[in-house]
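Heads up, the thing below is written out as structure tokens.
What follows draws every value from the coordinates through simple rules; no lab data is involved. Only a predicted model underlies this, so the values are computations on that prediction, with no experimental measurement involved. Cβ atoms come from the backbone with ideal geometry, glycine included; neighbour counts cover every protein chain shown.
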Amino acid sequence: MDIREFRGVVIERQKILDYLLSPTHHVGQYKAEFFLALGYHQLVWKTLERDIRDLLKGSLAHAGRSPHGAKYTVSGWIVGPNGKSARILTVWIAAPEQHVLRFVTAYPEG
């Protein structure tokens, strides 16, 4: 599936700041360790947002349905602010009839 089939893409600030980059979030803290090791941190959270958004240049893989809509994944390489690279998997959801792709999470692939 192609990203152009959606009207928009939403990556909420809180998903990046309070989840992926939060060393105190009960689930996100382990993801934060990973992203912090690549040089991402809360003061420059928009850098991670941009890098996640850039992955959408690839194709979306349909990953099933949930009560909230169709799920999609996109994987690819990111290069963190410190120059280290890693392959990540991102998860997205599109609510029925909204045609907007919303970011759910990201984590190391493999």
Worksheet item: So, counting K/R as plus one and D/E as minus one, what does the shell of residues with Cβ under 11 Å around L17 add up to?
Response: 0
Worksheet item: How much length is gained on full extension from H41 to V27, taking 0.36 nm per residue of separation minus their Cα-Cα distance?
Response: 3.4 nm
Worksheet item: How big is the charge dipole of the chain about its Cα centre, in debye rounded to the nearest 20, if each Lys and Arg gets +1 on its Cβ and each Asp and Glu gets -1 on its Cβ?
Response: 80
Fill in: Once exposed loop trypsin sites (Lys or Arg not before Pro) are cut out (DSSP; at most 15 other Cβ, 10 Å), longest piece of the chain
8-83
Worksheet entry | S75 long-range amide H proximity, modeled H, under 5 Å | T90
Discussion item. What percentages make up the Cα-Cα pair-distance distribution of the chain when the bins are 10 Å wide from 0?
Written reply: 15, 48, 31, 6, 0
Worksheet item: In debye, nearest 20: dipole of segment 16-65 around its Cα centre with unit charges on the Cβ of K, R (+) and D, E (-)?
Response: 200
